Amino acid sequence: LRFLAGTLDLDTALAIVSRKLGLQVSAVFMPFAEAAIDVDKPADKELVEIILAKRDNP
């Protein structure tokens, strides 16, 4: 209900998930969006290689 009401914050959500799974769940904040790219397809690998090449050679 808190989610639907828009009152569920991240800490509370993580605490609920941790309790239900029986383990500690936490968020890891990163200063760069590229950290969210999962490389599980060849196209993803190509994207990451392009991003890294641009980072090395601006």
Expressed in nanometres to one decimal, the distance between label points 7 Å along Cα→Cβ at residue 1 and residue 39 is 4.6
Can you pull out the chymotrypsin sites (Phe, Trp or Tyr not before Pro) in the chain whose DSSP state is coil and whose Cβ has at most 12 other Cβ atoms within 10 Å? 29, 32
With +1 on the Cβ of every Lys and Arg and -1 on the Cβ of every Asp and Glu, the dipole magnitude of the chain about its Cα centre, in debye rounded to the nearest 20, is 300
What angle do you read, to the nearest 10 degrees and between 0 and 90, between the alpha-carbon axis of helix 10-21 and the longest principal axis of the chain? 80
Degrees, to the nearest 10: 42-56 long Cα axis against longest axis of the chain: 70
Mean shadow area (nm²) of the C-alpha convex hull around segment 2-56 is 6.0
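Read-outs throughout are calculated quantities, based only on the coordinates presented, and are distinct from any laboratory measurement. Quantities reported herein were computed from a predicted structural model and do not represent experimental measurements. Because the Cβ atoms are built from the backbone with ideal geometry, glycine has one as well, and the counts that use them run over all protein chains shown.
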